[in-house]
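Notes for the one structure printed next.
The values are calculated or read from the model by the stated rules, or taken from the named source; none is laboratory data. Bear in mind the structure is a predicted one, so any value in this text is a computation, not a measurement. Methodologically, a virtual Cβ is constructed for each residue, glycine included, from the backbone with ideal geometry; neighbour enumeration extends over all protein chains shown. Only protein heavy atoms, including side chains, enter the accessible area calculation; ligands, DNA and RNA are left aside. Shrake-Rupley method; radii C 1.70, N 1.55, O 1.52, S 1.80 Å.
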Amino acid sequence: MTQPIRELQVTPLPDVIDGPGLGFLTLLAGLRLPRLEGGAILRDLGQRALPWLVPVGLIVLWQVAASLGWLSTRVLPAPSEVIKAAWALTVSGELWTHVKVSAWRALAGLAIGGGLGLGLGLLTGSVKFFETLLDSTIQMVRNIPALALIPLVILWFGIDETAKLFLIAVSVFFPLYINTFHGIRNVDPGLIEMGRTYGLSRWQLYREVILPGAMSSILVGLRFALGLMWVILIVAETISAQAGIGYLTMNAREFLQTDVVLVGILLYALLGKLADVFARGLERYWLRWHPGYQSQSAGV
């Protein structure tokens, strides 16, 4: 006697449970919550703290050496003495006054020289005629060190603000010019051809393809320019300045205030670091479409 074979019918479960009051399950089904693991957090904290390990170690070693009398206070005061001097200058308002003057000089010189370098780099990189006309001359002038121009600049502009701004503008001009020029020239020709195929006008092609393609090189030039800006500012502010971090440092040297001299030097380092952080922030914002900078932002 044969028994009928009964097939089990299994109803597949829906991917999303739909029912009154269960709408939140739909949201949870598509939501991926990050898993926090203790090892990953410690590893991330370690990576963030690693760049500060050497500076903090050097400061601790410096403080210990000064406390034990291995270093003369006239040669190199202890970090605690430098902090006391910085606090006294901050409370009196003198530090902020000098920082404002120096920051204005640096930013004004960057705006003048950097603006000219960016404009001429775009012009010579985009138009062959202007490259032939201007690039050889600019390359010859580029080989003259900015500091070698100081005697001539004093004869031209005297010792007032114009001379300082001129030196800073000259120093930041060339990094931005060269990197902008090469950024424009290194844009992938295939992307330009694709833009033409899609019917982009000349201005749209420049704005949507060429400028974004050259942006990474332009920002590298900006970072170089920001570094040179502070270096030249130190020298420029020693030319008969009446205010600024350089004046503060030189004045302290006259009175053998080594701690104040160190405050001025550390201020330049701090401002330089802030400028670099600002430039990296611009990279992450303007190059957020770039795969390399996306992985950098994600901390991979």
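Counting only residues that are without any contact (Cβ under 8 Å) to a residue 40 or more places away in the chain and under 23 Å from Ala236 (Cβ atoms), give me the helices (runs of 4 or more DSSP H) lying completely in the range 48-158 with at least 2 of them.
Correct list: 94-126, 128-142, 150-157.
Kindly check whether there is at least one residue in the range 80-97 that is within 30 Å of Phe174 (Cβ to Cβ) and open to solvent by less than 60 Å² (accessible area, probe 1.4 Å).
Within the range 80-97, none of the residues are within 30 Å of Phe174 (Cβ to Cβ) and open to solvent by less than 60 Å² (accessible area, probe 1.4 Å).
From the list Leu116, Leu36, exactly one residue is within 36 Å of the chain's Cα centre (by Cα), at pLDDT below 90 and not basic (Lys, Arg). Which is it?
Selected residue: Leu36, the only one of Leu116, Leu36 that is within 36 Å of the chain's Cα centre (by Cα), at pLDDT below 90 and not basic (Lys, Arg).
Mind checking whether some residue in the range 172-184 is open to solvent by 60 Å² or more (accessible area, probe 1.4 Å) and either over 19 Å from Val231 (Cα atoms) or touching a residue at least 60 places away in the same chain (Cβ under 8 Å) (or both)?
Yes, that holds for at least one residue.
Just need a number here: residues in the range 185-224 that are touching a Ser or Thr at 6+ places or on another chain (Cβ under 8 Å) and within 22 Å of Asn143 (Cα to Cα).
Number satisfying all stated conditions: 3.
When both residues are 6+ apart or on different chains and their Cβ atoms are under 8 Å apart, which pairs have a first residue that lies in the range 187-212 and is surrounded by 15 or more Cβ atoms within 10 Å (Cβ to Cβ), and a second that is of a type in the set (Lys, Arg)?
Taking only residues 6 or more apart or on different chains, the pairs are Leu205/Arg196.
One residue is enough: does the range 142-154 have a residue meeting the conditions at pLDDT below 90 and within 21 Å of Ser126 (Cα to Cα)?
Scanning the range 142-154, I find at least one residue that is at pLDDT below 90 and within 21 Å of Ser126 (Cα to Cα), so the answer is yes.
Spot the failing condition for Trp104; the list is (1) open to solvent by 30 Å² or more (accessible area, probe 1.4 Å); (2) touching a helix residue (DSSP H, G or I) at 6+ places or on another chain (Cβ under 8 Å), and only one is missed.
It fails just one condition, (2).
Please verify whether Leu282 is aliphatic (A, V, I, L, M), closer than 14 Å to Ala106 by Cα and open to solvent by 30 Å² or more (accessible area, probe 1.4 Å), treating the condition exactly as stated.
No; evaluated as a whole, the condition is false for this residue.
Only one of these conditions is not met by Tyr177: (1) at pLDDT below 90; (2) in a helix (DSSP H, G or I). Which number is it?
(1)
Take the conditions outside any helix (DSSP H, G or I) and either out of contact with any Lys or Arg (no Cβ under 7 Å at 6 or more places or on another chain) or charged (D, E, K, R) (or both) and apply them to Thr238. Does it pass?
yes
If I ask for residues that are of a type in the set (A, V, I, L, M, F, W, C), touching a helix residue (DSSP H, G or I) at 6+ places or on another chain (Cβ under 7 Å) and surrounded by fewer than 21 Cβ atoms within 10 Å (Cβ to Cβ), which ones from the range 242-264 would you list?
Hits for the range 242-264 are Ala243, Ala252, Val261, Leu262.
Looking at Ile150, Ile144, Ile168, can you tell me which residue is farther than 29 Å from Val263 by Cα and either open to solvent by less than 50 Å² (accessible area, probe 1.4 Å) or among the β-branched types (Val, Ile, Thr) (or both)?
Ile144
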